[in-house]
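**Student:** This structure is in structure tokens; I'll ask about it shortly.
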Amino acid sequence: MAIIPALLSLLFLAAMYASLAKLAARLYRSTKLSWKSAFGFGALVALLAVIATVLRGVLPVFVVLTAGHALVLAVGAWFLASRAADASGQPVGFKVAVVLSCIAMGMAFVVGVVLAVVLPAIMRPALHR
């Protein structure tokens, strides 16, 4: 039954990245991104996370992290370039898609820091009552 928590965490990761991509598109020059495309991007990121988890046992962690971030940027640029649209409805292109991917990755980093550092520090006093 260990597969159910793993699938739920992958679904959470895909949904989180979809939400962050949608938010990044909204924050950056009123770019539009459909939820379908946002979830497609989230699913691709989740797939890359699975590949990175497998490779972490074979390659050094630094290589996996560096290559993983580069791949998320490249896949995000490729995927979002034709699916995100500017205010006039035209596709945003590769450069803006890279920026959208960077914004989404930056927000994911902030969420990760909050979940890994800030949340346990806040919860620690509540656990000792």
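Coordinate-derived values only; no laboratory data. Computed from a prediction, not measured in an experiment: that's the story for all the values here. Counting neighbours? That spans all protein chains shown, and the Cβs are built from the backbone with ideal geometry, glycine included.
**Student:** Within the range 1-18, count every residue that is among the hydroxyl-bearing types (Ser, Thr, Tyr) and buried (at least 18 other Cβ atoms within 10 Å of the Cβ). Break it down into steps so the answer makes sense when it comes.
**Tutor:** First pass over the range 1-18, keeping only residues among the hydroxyl-bearing types (Ser, Thr, Tyr): 9, 17.
Those still in the list that are buried (at least 18 other Cβ atoms within 10 Å of the Cβ) too: 17.
Selection size over the range 1-18: 1.
**Student:** Out of Val64, Val75, Val99, Val92, which single residue is in contact with an Asp or Glu (Cβ under 8 Å, 6 or more places away or on another chain), surrounded by 14 or more Cβ atoms within 10 Å (Cβ to Cβ) and in contact (Cβ under 8 Å) with a residue 12 or more places away in the chain?
**Tutor:** On the way: Val64 fails: in contact with an Asp or Glu (Cβ under 8 Å, 6 or more places away or on another chain); Val75 fails: in contact with an Asp or Glu (Cβ under 8 Å, 6 or more places away or on another chain); Val99 fails: in contact with an Asp or Glu (Cβ under 8 Å, 6 or more places away or on another chain).
Answer to the selection: Val92.
**Student:** So, one more: Does the range 38-48 contain any residue that is in a loop (DSSP other than H, G, I, E, B), touching a helix residue (DSSP H, G or I) at 6+ places or on another chain (Cβ under 6 Å) and surrounded by 13 or more Cβ atoms within 10 Å (Cβ to Cβ)? Steps first, please.
**Tutor:** Keep residues of the range 38-48 that are in a loop (DSSP other than H, G, I, E, B), which gives none.
No, the range 38-48 has no match at all.
**Student:** Same structure, new question: Keeping to the range 20-37, report how many residues are assigned to a helix (DSSP H, G or I) and buried (at least 18 other Cβ atoms within 10 Å of the Cβ).
**Tutor:** Residues of the range 20-37 assigned to a helix (DSSP H, G or I): 20-27, 35-37.
Cutting the leftovers down to buried (at least 18 other Cβ atoms within 10 Å of the Cβ) gives us 20-22, 24-25, 37.
Qualifying residue count, the range 20-37: 6.
**Student:** Residues that are more than 20 Å from Trp35 (Cα to Cα) and more than 19 Å from the chain's Cα centre (by Cα), at least 3 per element: which helices (runs of 4 or more DSSP H) completely within the range 49-129 meet that?
**Tutor:** Numbers: elements: 61-81, 94-113, 119-127.
In the range 49-129, 119-127 are the helices (runs of 4 or more DSSP H) which contain 3 or more residues that are more than 20 Å from Trp35 (Cα to Cα) and more than 19 Å from the chain's Cα centre (by Cα).
**Student:** While we're on this one: Any residue in the range 32-50 that is without any contact (Cβ under 8 Å) to a residue 24 or more places away in the chain and more than 17 Å from Leu8 (Cα to Cα) sitting within a Cβ distance under 9 Å of a residue that is of a type in the set (D, E, K, R) and part of a helix (DSSP H, G or I)? List the pairs, counting only those 6 or more apart or interchain.
**Tutor:** Trp35/Lys22; Ala38/Lys22
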